[in-house]
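One structure is given below, encoded as structure tokens.
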Amino acid sequence: MKYLTIFALCAFSFSVLGQEVLSQSEIREIRRSGDAGLLYDTIVDLILENEPSGIYSVNADQARILLEELREVDSTVSYDVETLALVVGGEISRASNRLENLKNRSWRNNILEKIAYVYIQRGANDGFISLHQANLSAALNSADASREQRISAAESAMALGNLFSDETQSEFDLNLALEYYKEAAYLGGVYGALNAARIIEQLEDYDYQSDGMNEVGFLKMAAITLPEAQLRLSQYYFEGRDGFLQPDYERANYYLNRAVSQDHEDAEAYAATLLYDGLYGTELDVEAALALLKENNSSVTLDFLQSKASTGDTDALNMIAAKYILDRNADHSSFQSIDDETIFRVSNSWMTFFRNFELDTMFDAAKAGNASAQNALGNALNMDAGGRILGCDIQSGSCARRYDLEDRHLSAEYWLSRAAEQNHPEGLYAYGMLFLDGVYVNTDRVKGTTSILRSWHLGYENSSSVLNRELDEDLFDDLISLRSGEVDAALFAFMRRYD
């Protein structure tokens, strides 16, 4: 009954399925099932519950009951669990002979993987390495290793590769990590092949000739199932690789389409960049590019849209607006790559105002002359001329009927002009941007810059980046020719501050 002593020496407390202890009815149900797998899973979960703290408190009665039942059902499995308990309890010397027995007969029920997990969580990397190396060697040295053994060995090779490629570990060694990832790949592990390719890309002195395999070869192994590898291969074939790979657009499209068909976000973003600009022989199709990005909020997508929006691309700006505003559950922290000016143009305080009021209330406030409400509605209509934000269809007239307005009142220019007339700083900025971008109005740099100058003079600092970009000698002369004391004062104040 030594295995009972193990648990008696420790103060066990369990949390299974979110509970502090198992109820009596749960204990009875598990015992009556006679299911070795259920017993095994329950006990292992209880043993490992408090890892990696190393502090264990085990409910001795429940442990004893379940272990007794498991021993009756399957003594070999109970032996495995008892071995895990010894390691968890810190009795490594008592567990050593048991571990050798387990190594010799296989990683039954993944128990050695769980023991290795305990080692790595406690910083006992030598024990972790020893277990995984033994498992890997057993499969590699066996002429008739089973499929299950090969899968388990590939997982051990991956575990070792992950350890040696971790820069935070003292064992960090990229060359050694590469060797383990290659072993995982040759044993059929697609992630091993993918990681091998990634490391080869980092190693400047990698010898292709002596190894017989470069990163493209490993990527092809991984591309059997992994969209990450398919995307990387497509980029290689689109862009070429100096020294060993010429561009091949047919193969590039083949691998890219496979990745996109699996809804891989970075692949969708890459495909969109090709369509948006017509790169590498791809037919230019902005509409198709935007369709790919509609449900995609990856960092690659946001970086791409930001780069386009920063050049004044209205389609990209409206796409950011749709993601940022129309998705009420959007995680705005993911938009950190978008710069301040773009964020203002799709959100900032007008969006806060917009979100904090019912639409009927906001329309009433705007019609009554509230400049903040007018600014919020104007910006909303600037980003969505169709009316989706308003929950209606402007084209069909349903918005006008719903909010008791004339059709001409459902435009960005109408509401932003009214906010600007009241010297609302953000309204002046947004109104000016309409004319700089030529959105819904004819482009007019003088009118747009004049409005943004007034916005800046009233304290809206985001205007400064636009003014720095727009002001040149010709525009300066045009503004002076207006002979407006207000414009002149704002212009010279700006130049003194940002000269």
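Summing +1 for each Lys or Arg and -1 for each Asp or Glu among the other residues whose beta-carbon sits under 14 angstrom from that of Trp415 gives -4. Ordered by 1.4 Å accessible area with all protein chains kept, Glu421, Glu179, Glu228 run largest first as Glu421, Glu179, Glu228.
Summary of packing: across the peptides 79-85, 33-39, 229-235, 65-71, the per-residue average of other C-beta atoms within 10 Å ranks them, highest first, as 229-235, 79-85, 65-71, 33-39.
Peptides 486-493, 432-439: what's the order by average Cβ count within 10 Å, highest mean first? Spell out each step's value before the answer.
Details: 486-493: 15.6, 432-439: 20.9.
Top to bottom by mean Cβ count within 10 Å: 432-439, 486-493.
Of interest is the spacing of the C-alpha centroids, which for the stretch 102-169 and the stretch 464-499 amounts to 69 Å. Rolled with a 1.4 Å probe across the full set of protein chains, the surface gives Leu482 an accessible area near 80 Å². Pairs of Cα atoms nearer than 8 Å and 6+ residues apart set the relative contact order; for the stretch 248-321 it is 23 percent. Distance between the C-alpha centres of the stretch 35-49 and the stretch 408-437: 65 Å, rounded to the whole angstrom.
The values are calculated or read from the model by the stated rules, or taken from the named source; none is laboratory data. Source: prediction; values computed, not measured. Cβ sites come from the backbone with ideal geometry, for glycine too, and all protein chains shown count toward neighbours. Remember, those area values only see protein heavy atoms, side chains included, never the ligands or the DNA or RNA. Shrake-Rupley method; radii C 1.70, N 1.55, O 1.52, S 1.80 Å.
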